[in-house]
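Each remark here refers to the structure printed beneath this line.
The values are calculated or read from the model by the stated rules, or taken from the named source; none is laboratory data. Since the model is a prediction, treat every value here as computed from it, not as a measurement. Neighbour counts run over all protein chains shown; Cβ positions are idealised from the backbone, glycine included. All accessible areas refer to the heavy atoms of the entire protein, side chains included, with ligands and DNA or RNA removed. Shrake-Rupley method; radii C 1.70, N 1.55, O 1.52, S 1.80 Å.
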Amino acid sequence: ALVSVRQLVAASKKALTASQLTDDGNCVICCGWDCAISVYDAATGSLLRRLDDAHDAAVACGRLRGSVFCTGAWDATVKLWSVSDLCGDGECGPFLELVDHEAPVTCIALSSNASLVVA
């Protein structure tokens, strides 16, 4: 069987550190050194949302687990975002911010049900 491959180019002039496809295949969520989270329509490549102030410093990592997108950044914070909010058109912000890190967060992992964040 032949596989159809498409390329989606994230619009940022700075390094991209994570790109994740939602479980339903509808959205691509990206983050990087521009401190932002960008969400694209996977079918068309069009920009659905851009959160320019997602973090106060470069976003070093991002992981998607089901309905949760988790970001870690050089501002020493971890933020958890609702995928439905990110891919929707209403208000959007993190539903949880973890601020107790003493150094930049450059690597994160989520348990299978996203109830445990390791950073």
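May I ask you to verify whether SER19 is surrounded by 18 or more Cβ atoms within 10 Å (Cβ to Cβ), outside any loop (DSSP other than H, G, I, E, B), touching a strand residue (DSSP E or B) at 6+ places or on another chain (Cβ under 6 Å) and of a type in the set (S, T, N, Q)?
no
Identify the residue in segment 23-56 that is part of a strand (DSSP E or B) and in contact (Cβ under 8 Å) with a residue 40 or more places away in the chain and, among all such residues, is farthest from the chain's Cα centre (by Cα).
If we take residues in segment 23-56 being part of a strand (DSSP E or B) and in contact (Cβ under 8 Å) with a residue 40 or more places away in the chain, then LEU48 is farthest from the chain's Cα centre (by Cα).
From ALA76, ALA57, ALA42, ALA36, which residue is of a type outside the set (Lys, Arg), more than 21 Å from ALA15 (Cβ to Cβ) and open to solvent by less than 40 Å² (accessible area, probe 1.4 Å)?
ALA42
A quick yes/no check of all residues on (1) among the charged types (D, E, K, R); (2) closer than 14 Å to LEU16 by Cα; (3) at pLDDT 95 or above:
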residue	(1), (2), (3)
ASP56	yes, no, yes
CYS61	no, yes, yes
THR77	no, no, yes
TRP81	no, no, yes
PRO94	no, no, yes
GLU97	yes, no, yes
VAL105	no, no, yes
LEU116	no, no, no
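Check off (1) assigned to a strand (DSSP E or B); (2) open to solvent by 30 Å² or more (accessible area, probe 1.4 Å) for TRP81 and give me the number that stays unchecked.
All conditions are met except number (2).
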